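Presented below is the structure to which this report refers.
Taken together, the values in this text are just the output of simple stated rules run on the coordinates, not laboratory data. Worth saying up front: this structure is predicted, and the values here are computed from it rather than measured. All Cβ positions, glycine included, derive from the backbone under ideal geometry; neighbour counts span all protein chains shown.
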Amino acid sequence: MRIRTGFEITYECPQPTPMLLMLNVHASRHEDLETPDVVRTEPHLPLTQYHDGFGNLCSRLVLPAGRTVFSADFIVRDSGKPDPISPDAIQHAIEDLPNEVIVFLLASRYCETEHLSNLAWKLFGDVPPGWARAQAIVKYTHERITFGYQHARATKTAFEAHQERSGVCRDFAHLAITLCRCMNIPARYCTGYMGDIGIPIEGDVDFSAWFEVYLGGRWHILDARHDRPRIGRILMARGRDATDAAITTCFGSNTLAGFKVISEELA
């Protein structure tokens, strides 16, 4: 399968504004690129890049006062297969987890485990550990939250999403991640491209958020927003929560003046 992906994002700034971008495909998908994944700016601006502690490719630049447009348009090869299902994946004892996985058991900015731990054990304590428990958490989150862009709020945490029972894909991911961590399942936040391949059209394409859990010695993709395997995920960034995987971070006053995402299967 060949997937055309890209974006056009416009910002307006009243003064020169430093910005951090995570708009490139994750290094784990570089071998699948059929055409170059290059972030373009209008006007042309110099940028520098580095890899952060989670392996995400980050770009640094300073936006001038006025209007700046970021864009990309490229093709990625994909297997065309839905997310794998692993019903035999076991849950590890904490003492047996690799050192680099432990951080994904801890509370983070949007995943406040201290507020949901008692609830998690009440809901899932009797569910067999491992894949079954992770799936029970996905199902609960999917049914607990109502999706709607009007419910989006940049400061919303997992606990708030649970209480308000509404949110967008990042809120589904944050709540499921938090409940998994409460149940001693390492979980990390992911963001990237995922269009409507294999399902009825759901509306305008946007960047999507999902999560991964560490079971049976490896990471597994789960999606509480859709609660079913999907086709055509293209990972951009991952981390503890949306703080670590924000597609843009502005260090100053700005207005998001335009936003378009492309993710479509090519014949």
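Structure above, values below:
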read-out: Integer Hz, Karplus 6.51/-1.76/1.60 couplings in order for region 66-81, x for Gly and Pro; value: x, 9, 10, 10, 9, 8, 7, 7, 8, 10, 10, 7, 9, 5, x, 8
read-out: Mean Cα-pair separation over length for region 94-239, i.e. relative contact order, pairs under 8 Å, 6 or more apart, %; value: 25
read-out: Sequence ranges 138-145, 231-238, 99-106, ranked by mean other-Cβ count within 10 angstrom, highest first; value: 231-238, 138-145, 99-106
read-out: Theoretical FRET efficiency, 1/(1+(r/R0)^6), r = Cβ-Cβ of Ser117 and Arg153, R0 41 Å, to 0.05; value: 0.95
read-out: In sequence order, calculated HN-Hα J values of region 240-249 (Karplus, 6.51, -1.76, 1.60; Hz; x Gly/Pro); value: 5, 7, 5, 4, 7, 10, 5, 5, 9, 10
read-out: Unit charges on C-beta of K, R, D, E only; dipole of the chain, Debye; value: 220
read-out: Peptides ranked, highest mean first, by Cβ atoms within 10 Å: ranges 164-172, 109-117; value: 164-172, 109-117
read-out: Segments 45-54, 118-127 sorted - mean Cβ within 10 Å per residue, highest first; value: 118-127, 45-54
read-out: Selected from Thr243, Thr178, Thr157 as most flexible by GNM, with the chain as the system and alpha-carbon contacts under 10 Å; value: Thr243
read-out: The chain: angle of helix 169-182 to the longest principal axis, Cα-based, in degrees nearest 10; value: 40
read-out: Relative contact order (%) - criterion: Cα under 8 Å, at least six apart; region: the chain; value: 30
read-out: Cβ-placed point charges (K, R +1; D, E -1), dipole of region 94-239 about Cα centre in debye, nearest 20; value: 40
read-out: Folded to 0 to 90 degrees: helix 113-124 orientation relative to the chain principal axis, Cα; value: 50
read-out: Nearest 10 degrees, 0 to 90: helix 131-144 Cα axis against the chain principal axis; value: 60
read-out: Subset of Lys81/Lys122; Lys156/Lys260; Lys81/Lys156 violating a 26 Å alpha-carbon distance limit; value: Lys81/Lys122; Lys81/Lys156
read-out: Phi to ³J(HN,Hα) by Karplus 6.51 cos²θ - 1.76 cosθ + 1.60 over region 32-42, Hz, x for Gly, Pro; value: 8, 6, 8, 10, x, 9, 10, 7, 9, 10, 10
read-out: Inter-part distance where region 98-136 and region 206-267 are each reduced to a Cα centre, Å; value: 20
read-out: Answer label, with percent of Cα pairs over 23 Å apart calculated from the coordinates and candidates (1) 58; (2) 47; (3) 53; value: (3)
read-out: Theoretical gain in end-to-end length, Glu31 to Lys81 [0.36 nm per residue, Cα-Cα removed]; value: 16.3 nm
read-out: Stretch gain in nm, segment Arg67-Glu143, where the contour uses 0.36 nm per residue and the Cα spacing is subtracted; value: 23.3 nm
